[in-house]
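Take a look at the structure set out below.
We did not get these values from a lab; they are worked out from the coordinates using the rules stated. Only a predicted model underlies this, so the values are computations on that prediction, with no experimental measurement involved. Because the Cβ atoms are built from the backbone with ideal geometry, glycine has one as well, and the counts that use them run over all protein chains shown.
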C-alpha cells in the first residue's frame, strides 16, 4: 500500500488512527497496530507476510536466548545462527540471481561451461529495511546494550510498524523500546500538528516535485540516454539528482509524520544533504539512519579509523561497497558504493593532511557535482548505460541530441526552483508549522492538490530496496 494513494489516506489511515487511539489496554493496541501493519504490507502481496512473521519470531527468540545465556560462546552461536538466517533470506530473495547470473557471464567470458539456474523470485518490498531493523536488535542484545523485548507482540509491533516498514527509516529497538513500553494514552495536539505538517509537506515533495520531474524531465531524457548531447545529459542527471532528493526526503517526512500521529518519535533521516561541504558530511545528512547503521555495525567492527590510513581507507571502501550492494543486486549499485567509498577514503586522507577548502561555496558545489556523478550509476540500468552517460557529460562522446522538445519551460522553472530549495532552504525539521487558521487552510489546500495527483500509482524510489 502506497502512502500516496486514496486507499491509504482516505481509508486505511483514518481507520488505523481511530482504532489505535480508541482501543483500551496496551496489549489490544499493540495487537491492533501489528495486524493493521500486516494488512498494510499484505496489500502489495499477502504471500510475503508469513516471511516477515517468521523473521520476526526468529529474531525475538534469538534475542531472548542470547539474553538468558551466561556463556559467551552460546551467545555467539545464537548470534551467528540468527545472522545466517536473516542474511540467508536476503541472499535468496535479493542476491541469488545476481550472483548466479554474474558467475554465468564470467564463465562464458572465460570459456567455461557455467549455467547456474536462476530462481526469478519476486523481491519482497522492504525486506532490506526490516531485516536491518532486526539485525541491529539482535546485535545490541548480544553486546549487552539493550534489554530484549518483553513480549513477541511488542517486538512484532516494532518490526511491522507501517510508517517505517517498507522504506525506512531504519529504526532501532534501542530508540523505540521505551516508547512501546510506555504508550501515550491519548493524542497530543502538538504532535498531531507536527505529524500532519510533515505528512502533507512530504506528500507534496513526492507528488508535486519528484513525480513531476520524473515524468516531465528525467524519464523522457533517460530513455534516450545513448543519444543525448552533453547539455541534455547534464540536464537529465540534474533532474534525477533532484527527483531522488524530493522523493526520498518526502517519504522520510511522511514516515516521521505518521509516527507522530501514532504518538511515536522516529529519528531524523534527512538533513538537507545537498548543502554538505564534503562527502563525509553528505553521508551524515543523507539517509541518516542507514549511514549510522553502516557505521555502527560495519565500519566500526571492521576497525573504523584505527590502524592507520590504509586500513581506514579499506574500511570505508568495504563499508560503502556493502552499502551499495544493500541498495540493489546490480553492478551499477556496486560501482556506486565503491565510488562513494573512494570519495570518503580520499576525503579522510586530505583531512589528515590538513587540507581544508577556503571557500565554503566551492566546497558545496564540488560535493554536489561529485554526488551527481554518483547518481548516474544509481539511475542507470547497466554499466554500459552509465558509461555512455558519463562519456556524454564529459564531452568525450556526445550523442546527436535534438531532444529539446522533451523539456518544457514549466519543467525548467520547476527544476530551477527545486535546485534553489535544496541549496538554500532550511530543512523541514527546522521549520515550525504555525498553529493558525490561515496556515491550516493553506495546508488543507496543499493536501487537496496532492490528492488530485493520485490517479496514477507512483511508488517511492526506495521501495525497490
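The figures follow:
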{"read-out": "Longest to shortest principal axis, alpha-carbon extents of segment 276-403, angstrom", "value": "51, 39, 25"}
{"read-out": "Dimensionless Rg over Rh [segment 74-167; C-alpha; Kirkwood]", "value": "1.13"}
{"read-out": "Helix-only CD estimate at 222 nm, as mean residue ellipticity for the chain, using -39500 (n - 2.57) per DSSP H run (n ≥ 4)", "value": "-20000 deg cm²/dmol"}
{"read-out": "Burial ranking of peptide ranges 445-457, 315-327 (average Cβ count within 10 Å, highest at the top)", "value": "315-327, 445-457"}
{"read-out": "Peptides ranked, highest mean first, by Cβ atoms within 10 Å: ranges 416-424, 348-356, 92-100", "value": "92-100, 416-424, 348-356"}
{"read-out": "Ascending count of other beta-carbon atoms within 10 Å, so fewest first, for 347, 340, 164, 120", "value": "120, 347, 340, 164"}
{"read-out": "Mean-position separation - Cα centroids, segment 15-44 and segment 155-177, in angstrom", "value": "14"}
{"read-out": "Ranked list, fewest to most other Cβ atoms within 10 Å of each Cβ, for 192, 336", "value": "192, 336"}
{"read-out": "Exposure proxy order (Cβ contacts within 10 Å, fewest to most) of 230, 428", "value": "230, 428"}
{"read-out": "Between segment 221-251 and segment 347-404, the alpha-carbon center distance in angstrom", "value": "13"}
{"read-out": "Kirkwood estimate for segment 273-351, i.e. one over the average of 1/r between Cα atoms, Å", "value": "12.5"}
{"read-out": "Where only alpha carbons of segment 6-183 are counted, the Rg and the Dmax (Å)", "value": "19.1, 68"}
{"read-out": "Cα point-scatterer Debye curve for segment 118-166, base-10 log of I(q)/I(0) at q = 0.29 Å⁻¹", "value": "-1.12"}
{"read-out": "Sorted peptide list for 282-291, 430-439, criterion being average Cβ within 10 angstrom, highest first", "value": "282-291, 430-439"}
{"read-out": "Kirkwood-Stokes translational diffusion coefficient of the chain, alpha-carbon pairs, 10 °C, 1.306 mPa s, µm²/s", "value": "67"}
{"read-out": "Diffusion coefficient, µm² s⁻¹, Stokes-Einstein with Kirkwood Rh over alpha-carbon pairs of segment 222-339 at 25 °C and 0.890 mPa s", "value": "149"}
{"read-out": "Paired Rg and Dmax values of segment 67-110, which use every Cα atom, in angstrom", "value": "16.9, 52"}
